[in-house]
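One structure below.
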Amino acid sequence: MAIPSKTHYLGKGKLDKLLFFKNSLNYDVVIFNDELSPLQQRNLEKTLGVKIIDRAALILDIFAKRAHSREGQLQVELAQHQYLLPRLTGQWSHLERLGGGIGTRGPGESQLETDRRIIRQKIQRLQKQIDEVRKRRMLYRQQRQKSGIPIVALVGYTNAGKSTLLNALSHTDVFVEDKLFATLDLTTRQLMLPNKTRILLTDTVGFIQKLPPAIVTAFRATLEELNEANILLHVVDLTSPNAPEQCQTVENILTDLNLTDKPRITVLNKIDLLLDSEKTWDEEKAIKYFSGEGEIQKNTVLVSAEKNWGLTKLMENIYQTLK
């Protein structure tokens, strides 16, 4: 979906201003930073006479562009169809006015019911395919459990640097880009700790505030991997002005997934951007700069995945937590 250039991002409560400035702004798309009900979306489109996109639709569109694996594409397609199903009525409002007399069905209603049936069938097929993926993943997890190799999973807000940290620790080249949801597909790499302990390091989809329920449901097969993890590495972007709110978002999602009791290490990433005058890594100076007192909480590590700072201490912390 290509978003036209004349697009203004506005939240709820702006309807009067939208109507007032419509002629001067000449906008043709309005994006709401909230999830709209099908009725709200339909009424807004009738009132404003432009295309209305809510937060869920925008996130789904981004996901569709970023999913590369077959599993990721199935999950996004399922979420898209589940989102579209209750919104079909608005798609056929222009035909419903052609309805016949008493006891008959107009061509609009007939087409609407046909489309609903097609989408429901598509949803059923996608759910079966995802169930097959879940079964294969379950067999794979059982094999890993038999091997006894510990699993460490990366979690965190989108664009916190999880994939960069995965590359830095495992010396691989997983795709990384400075944008939201750059990586949607589950990635697992082997890693050898300093004491020769072998672990599996898994990268998962990034979290975001007000994550639409359809997305959480569709990606549950992927998020199930977190249940098998021995440790969660919560990666935090230190440079973000909204870091506390982002941490709380991650906590809320982990609570919804019943994962709050998992052993956890907090990884405060991108410390190099706060210490841009430092050309070499000085952990004591970084801790003092960050905490003001030279102490940080237990199971919290300062790192720069980009510059490989603090990775040795992080791996030691992983080993101690596993032990």
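Taking the Cβ of S147 as the center, what net charge do the other residues with Cβ under 11 Å away carry, scoring Lys and Arg +1 and Asp and Glu -1?
Net charge in that neighbourhood comes out at +4.
Could you please report the charge total around N195, scoring K, R as +1 and D, E as -1 over all other residues with beta-carbon less than 13 angstrom from its beta-carbon?
Within the 13 Å Cβ shell, the charges total +2.
Do the alpha carbons of any pairs in K162/K262; K46/K210; K135/K162; K210/K313; K128/K162 sit beyond 22 Å of each other, and which pairs?
Flagged as over cut-off: K46/K210; K135/K162; K210/K313; K128/K162.
Classify the range 236-275 as rounded, prolate or oblate from the Cα gyration tensor: take a ≥ b ≥ c as the square roots of its eigenvalues, call it rounded if a/c is under 1.5, otherwise prolate when a/b beats b/c and oblate if not.
The shape class here is oblate.
Report the calculated FRET efficiency for Q142 and K313 (r = Cβ-Cβ distance, R0 = 25 Å), to the nearest 0.05.
The computed FRET efficiency comes out at 0.15.
Using 0.36 nm per residue, how much length does the chain from E245 to Q209 gain when fully extended, once their Cα-Cα distance is taken away?
Extra length available between E245 and Q209 comes to 12.1 nm.
We did not get these values from a lab; they are worked out from the coordinates using the rules stated. All values derive from a computational prediction rather than experimental measurement. In this analysis, Cβ positions are derived from the backbone assuming ideal geometry, glycine residues included, and neighbour counts consider all displayed protein chains.
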